[in-house]
């Protein structure tokens, strides 16, 4: 005698509708289910952060005495190196959000290379 597998059927009463060209799941009570937001990893920002922390490590280890020495060794402009190294002063939660692809759309490398407050709490854009 062989055992037959049991089959379980689950019925979930939901509706799928198009809204603005996207499919939206409508729950039984009529509310829209929240959309899953895919991570939007900005590789330019991630690379800039990696460079910033690598360059800071080189400066702190004494491999280069100044930013100008480091810039000459990397064959890039000292001003650019200075602006990138400043990314190491970003709030840790902002760095994590960038690495995870959870940063706000307005957070771009050019924006971060501009003037930013030194206090981590003031760096939050959702204030």
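Every read-out reported here was derived from the displayed coordinates using simple, explicitly stated rules and does not represent laboratory data. Computed from a prediction, not measured in an experiment: that's the story for all the values here. Reconstructed Cβ throughout: ideal geometry from the backbone, glycine too, with neighbour counts over all protein chains shown.
Some values worked out for this structure:
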{"item": "Label point at residue 108 placed 7 Å out along Cα→Cβ; residues across region 43-60 whose backbone nitrogen lies under 19 Å", "result": "43-49"}
{"item": "Cα-projected label distance for residue 16 with residue 97, points at 7 Å along beta-carbon direction, nm", "result": "3.2"}
{"item": "Residue-span extension gain [residue 50 to residue 73] - 0.36 nm each, minus C-alpha spacing", "result": "6.6 nm"}
{"item": "Correct choice for mean projected area of the Cα convex hull in nm² that was computed from the model, options (i) 8.5; (ii) 10.2; (iii) 16.4", "result": "(iii)"}
{"item": "Relative contact order of the chain, defined on C-alpha pairs under 8 angstrom at six or more residues apart (%)", "result": "21"}
